[in-house]
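Here is the structure we will look at.
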Amino acid sequence: MTDERFDRAQRLIQRMRAQLPQVTRRDVVRAAFAFGASSIALALAPRPARAAGGFSGPRFTGYPFTLGVASGYPRPDGVSLWTRLAPEPLRADGGMQPDMIHVEWQVASDDKFANIVRKGGVRAVPELAHSVHVDVRGLEPGRWYWYRFICGNEASPTGRTRTAEGPGGRLDKLRFAVASCQHYEQAYFAAHRHLVAEDLDLMFFVGDYIYESNWGDDLVRRHVGPEANTLARYRVRHAQYKTDPDLQASHAAMPWAFTWDDHEVENDYAGDQGENLDPGFLLRRAAAYQAFFEHMPVPLTMRPKANEMRIYDTLDYGDFARFYLVDNRQYRDPQACPDAYKGGGSTDVTAKECPFVMEPSRSMIGLPQEQWLDGAFANSRARWNVIVQQTIFSRFGTLRDGEMTRWTDGWDGYPATRERVLASLEAHRVRNPLVLGGDIHAAVVADVRRDPDRDDSPVVAAEFCGTSIASQGWSEAMFNPRLPQNPHVKYGNTTKRGYIAFEASAQGCDARLRVLDNEKMRSSGIGTLASFRVEDGKPGVDKA
Ligand code: FE
Ligand code: CA
């Protein structure tokens with residue numbers, strides 16, 4: 001709200017108070033509605049103190065921007081900004097009174113805010129944990145901006161963000177990274193400190209941003225509270241992750257875009273089915289989705305509606321790159337042939353043991369999303385087409401009684417969907433398809449074949465999966481024997497934590513597996529485990 005609007009609202013309320021000696025809070029709200037919705041923030045905010053220069057805002061019990069700032073979903077003309085007011089972030093209410101609060105935001109073309117190009121006001125409401133989402137528009141394509149929030153006498157840290165390239169832009173290089181799986185207890189987030197130094201245009205996080213449960217070996221720190229399964233607990237969990245200084249720095253340095261995986265809600269959930277067949281699962285999922293929305297720089301249009309939070313979307317960088325953000329959790333059919341002991345969730349089966357896994361009517365992403373993806377492939381004019389999704393795409397089973405096992409939570413568990421996605425890529429002659437993923441806590445680089453079950457089938461895409469920012473890997477005894485049994489896999493490693501950094505140009509796309517020396521140390525250094533290249537016009541990946 002501008003100062004002028006503030007003054008008008010303030011005068012209105014004073015007049016009401018003078019005319020109606022016993023004015024109630026509801027009357028103030030009603031008057032504020034009549035005046036204009038944005039006045040509600042003022043009407044319900046804790047009594048503001050007047051200071052020279054205007055609004056000095058609410059009194060907080062501490063610094064309100066303890067969770068930092070973030071930006072996401074770059075478009076040629078704008079970006080989405082986020083923060084949350086939480087002076088006491090590890091309390092369910094964030095240390096806030098249940099009032100609406102007025103927050104100002106500013107976007108500048110310089111880091112000193114000498115040239116503010118966009119600004120405005122927005123209200124933070126208790127129903128959304130005093131989170132703030134602003135979809136800024138009217139910016140120029142392909143350039144850096146700086147942003148911050150102001151509330152009362154407090155200013156947030158400054159974030160840096162970058163808009164996408166526009167349709168007519170002449171982009172010659174794009175730098176991005178993919179990361180996933182950051183169990184807070186199992187390791188520090190040193191990888192995020194190194195991501196800042198990569199100087200990326202944008203960052204993709206593909207799931208397990210939080211973990212709902214407390215587990216792991218050699219824990220370096222502990223979650224607050226037991227398993228998250230209510231809105232209050234998911235809020236505390238998200239807030240605790242966001243207190244990590246390396247994670248905050250990574251958000252403040254560049255725009256992010258997301259998909260999520262199971263642990264933002266519950267291990268191995270599938271659509272509306274929980275792992276333990278909990279009849280109240282949709283309520284739990286709704287709470288988890290709301291907390292995710294409250295803590296991520298996602299556009300307002302992605303806010304949860306009814307039981308859904310639609311996060312699948314495309315991001316375009318002119319004719320240079322199109323990113324397909326795919327959600328393979330929210331709409332999937334349940335995993336085939338679950339373990340009777342748990343009721344739901346994943347297992348390893350062969351097609352002989354579980355013919356249902358091959359059933360063509362089952363979908364991993366739901367038919368509406370399959371149709372959307374097919375349409376987005378069909379009208380892509382981009383040189384690089386990057387599918388950003390949660391888990392390993394290529395076949396990655398192991399031989400049992402002469403048959404390949406299928407992990408029913410990954411794409412091996414939904415072979416018909418994978419077949420349709422690959423057929424769509426080929427039918428629409430999509431240029432240079434890359435598949436990015438996470439989830440498996442190991443790095444896998446692979447050629448994606450038309451028929452992933454046949455090693456003589458043509459290569460149609462290149463896959464880069466993993467590793468994890470912090471979550472522990474599997475044993476080499478389990479992982480390594482799979483490598484020779486899956487010859488389309490060019491490289492695999494389960495021992496290291498980190499991320500994959502990419503640099504795409506007109507000629508090719510280089511990928512580096514960046515891994516920490518020791519994820520159990522906050523100060524860990526980083527190195528390159530292996531490098532790969534995808535040549536323009538040549539499907540698949542080569543070791544560099
Ligand atoms: Fe994970
Ligand atoms: Ca997962």
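The values are calculated or read from the model by the stated rules, or taken from the named source; none is laboratory data. For clarity, every value in this text was computed on a predicted model and none was experimentally measured. Heads up, the Cβs are rebuilt from the backbone with ideal geometry, glycines too, and the neighbour counts pull from every protein chain shown. Side chains included, ligands, DNA and RNA excluded: accessible areas come from the protein's heavy atoms. Shrake-Rupley method; radii C 1.70, N 1.55, O 1.52, S 1.80 Å.
All told, Asp172 meets the bar of being in contact (Cβ under 8 Å) with a residue 12 or more places away in the chain and more than 20 Å from the chain's Cα centre (by Cα). Candidates in region 405-427 are the residues that are of a type in the set (A, V, I, L, M) and within 21 Å of Pro539 (Cα to Cα); of these, the one that is farthest from ligand 1 (Cβ to nearest atom) is Ala427.
Taken across region 335-355, residues that are touching a helix residue (DSSP H, G or I) at 6+ places or on another chain (Cβ under 6 Å) and open to solvent by 60 Å² or more (accessible area, probe 1.4 Å) do not occur at all.
Each residue in region 248-288 was checked for being within 16 Å of ligand 2 (Cβ to nearest atom) and more than 15 Å from Ala179 (Cβ to Cβ), and 13 pass.
Just to be sure before I move on: is Arg332 of a type in the set (D, E, K, R) and without any contact (Cβ under 8 Å) to a residue 24 or more places away in the chain in the structure I sent? Answer is no for this residue. Summed over region 217-238, residues that are in contact (Cβ under 8 Å) with a residue 60 or more places away in the chain and either within 26 Å of Asp201 (Cα to Cα) or part of a helix (DSSP H, G or I) (or both) total 5.
When you look at Glu154, is it open to solvent by 10 Å² or more (accessible area, probe 1.4 Å), touching a Phe, Trp or Tyr at 6+ places or on another chain (Cβ under 8 Å) and more than 16 Å from ligand 2 (Cβ to nearest atom), yes or no?
Values: open to solvent by 10 Å² or more (accessible area, probe 1.4 Å): yes; touching a Phe, Trp or Tyr at 6+ places or on another chain (Cβ under 8 Å): yes; more than 16 Å from ligand 2 (Cβ to nearest atom): yes.
Here the answer is yes, as Glu154 does meet what is asked.
When region 239-263 is examined, which residues are found to be outside any strand (DSSP E or B), within 16 Å of ligand 1 (Cβ to nearest atom), open to solvent by less than 10 Å² (accessible area, probe 1.4 Å) and of a type outside the set (Ser, Thr, Tyr)? Can you show your working first?
Of all residues in region 239-263, those outside any strand (DSSP E or B) come to 239-255, 259-263.
Adding the requirement that they be within 16 Å of ligand 1 (Cβ to nearest atom) leaves 241, 247, 259-263.
Those still in the list that are open to solvent by less than 10 Å² (accessible area, probe 1.4 Å) too: 241, 247, 259-262.
Correct list: Leu247, Trp260, Asp261, Asp262.
On the stretch given as region 123-137, residues that are in a strand (DSSP E or B) and either exposed (fewer than 14 other Cβ atoms within 10 Å of the Cβ) or more than 25 Å from the chain's Cα centre (by Cα) (or both) total 1.
Do we have Gly498 as open to solvent by less than 20 Å² (accessible area, probe 1.4 Å), in contact with a strand residue (DSSP E or B) (Cβ under 9 Å, 6 or more places away or on another chain), under 17 Å from Asn385 (Cα atoms) and not aliphatic (A, V, I, L, M) here? Walk me through it before giving the result.
Numbers: open to solvent by less than 20 Å² (accessible area, probe 1.4 Å): yes; in contact with a strand residue (DSSP E or B) (Cβ under 9 Å, 6 or more places away or on another chain): yes; under 17 Å from Asn385 (Cα atoms): no; not aliphatic (A, V, I, L, M): yes.
Spelling it out, it is not the case that Gly498 is open to solvent by less than 20 Å² (accessible area, probe 1.4 Å), in contact with a strand residue (DSSP E or B) (Cβ under 9 Å, 6 or more places away or on another chain), under 17 Å from Asn385 (Cα atoms) and not aliphatic (A, V, I, L, M).
Could you please let me know if Ala232 is surrounded by fewer than 23 Cβ atoms within 10 Å (Cβ to Cβ), under 29 Å from Gly280 (Cβ atoms) and away from ligand 1 (no atom under 16 Å from the Cβ)? So Ala232 passes the test.
Reported count of residues in region 167-186, each being at pLDDT 95 or above and farther than 30 Å from Gly216 by Cα, is 3.
Every residue, every condition in (1) within 16 Å of ligand 1 (Cβ to nearest atom); (2) of a type outside the set (D, E, K, R); (3) under 19 Å from Asp439 (Cα atoms), yes or no:
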{"residue": "Ala187", "(1), (2), (3)": "yes, yes, yes"}
{"residue": "Ala191", "(1), (2), (3)": "yes, yes, yes"}
{"residue": "Asn214", "(1), (2), (3)": "yes, yes, yes"}
{"residue": "Arg222", "(1), (2), (3)": "no, no, no"}
{"residue": "Gly225", "(1), (2), (3)": "no, yes, no"}
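Restricting the search to region 443-472, which residues are in contact with a Gly (Cβ under 6 Å, 6 or more places away or on another chain), over 16 Å from Ala177 (Cα atoms) and within 16 Å of ligand 2 (Cβ to nearest atom)? The answer is Gln472, and nothing else.
Of everything in region 509-544, what is open to solvent by 60 Å² or more (accessible area, probe 1.4 Å), touching a residue at least 24 places away in the same chain (Cβ under 8 Å) and more than 22 Å from Val448 (Cβ to Cβ)? Give them in sequence order. Matches in region 509-544: Lys520, Met521, Arg522, Ser523.
A quick yes/no check of all residues on (1) surrounded by 23 or more Cβ atoms within 10 Å (Cβ to Cβ); (2) touching a helix residue (DSSP H, G or I) at 6+ places or on another chain (Cβ under 9 Å):
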{"position": "Ile469", "(1), (2)": "yes, yes"}
{"position": "Leu483", "(1), (2)": "no, no"}
{"position": "Tyr491", "(1), (2)": "no, yes"}
{"position": "Gln507", "(1), (2)": "no, no"}
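One residue stands out in region 264-310 among those that are of a type in the set (Gly, Ala, Ser) and modelled with pLDDT of 95 or more: the one that is farthest from ligand 1 (Cβ to nearest atom), namely Gly280.
Look at (1) of a type outside the set (Asp, Glu); (2) assigned to a strand (DSSP E or B); (3) within 21 Å of the chain's Cα centre (by Cα) and you find that Ala470 fails only one, number (2).
Beta carbons closer than 6 Å, at least 6 apart along the sequence or on distinct chains, pair a first residue in region 177-197 that is in contact (Cβ under 8 Å) with a residue 24 or more places away in the chain with a second that is among the polar types (S, T, N, Q) and more than 16 Å from ligand 1 (Cβ to nearest atom) for Ala190/Ser524; His192/Ser250; Leu195/Ser250; Val196/Ser250.
Looking at this structure, is Ala287 in contact with a Pro (Cβ under 8 Å, 6 or more places away or on another chain) and either without any contact (Cβ under 8 Å) to a residue 12 or more places away in the chain or open to solvent by 10 Å² or more (accessible area, probe 1.4 Å) (or both)?
Working: in contact with a Pro (Cβ under 8 Å, 6 or more places away or on another chain): no; either without any contact (Cβ under 8 Å) to a residue 12 or more places away in the chain or open to solvent by 10 Å² or more (accessible area, probe 1.4 Å) (or both): yes.
Answer is no for this residue.
Selection within region 167-213: residues that are assigned to a strand (DSSP E or B) and within 16 Å of ligand 2 (Cβ to nearest atom). The member of this set that is farthest from Pro141 (Cα to Cα) is Ala179.
Yes or no: Leu277 open to solvent by 50 Å² or more (accessible area, probe 1.4 Å) and in contact with an Asp or Glu (Cβ under 8 Å, 6 or more places away or on another chain)? So Leu277 does not fit the description; no. Cβ-Cβ distances below 8 Å connect the following pairs, each with a first residue in region 199-216 that is open to solvent by 10 Å² or more (accessible area, probe 1.4 Å), a second residue that is of a type in the set (A, V, I, L, M) and more than 13 Å from ligand 2 (Cβ to nearest atom), and a separation of six or more residues or different chains: Asp201/Leu174; Asp201/Met254; Ser213/Ala228.
If we keep just the residues of region 57-91 that are open to solvent by 30 Å² or more (accessible area, probe 1.4 Å) and more than 22 Å from the chain's Cα centre (by Cα), which is modelled with the lowest pLDDT? Per the criteria, the residue is Arg59.
Just one of the numbered conditions (1) of a type in the set (S, T, N, Q); (2) over 16 Å from Gln248 (Cα atoms); (3) within 16 Å of ligand 1 (Cβ to nearest atom) is not true of Gln182; which one? Failed condition: (2).
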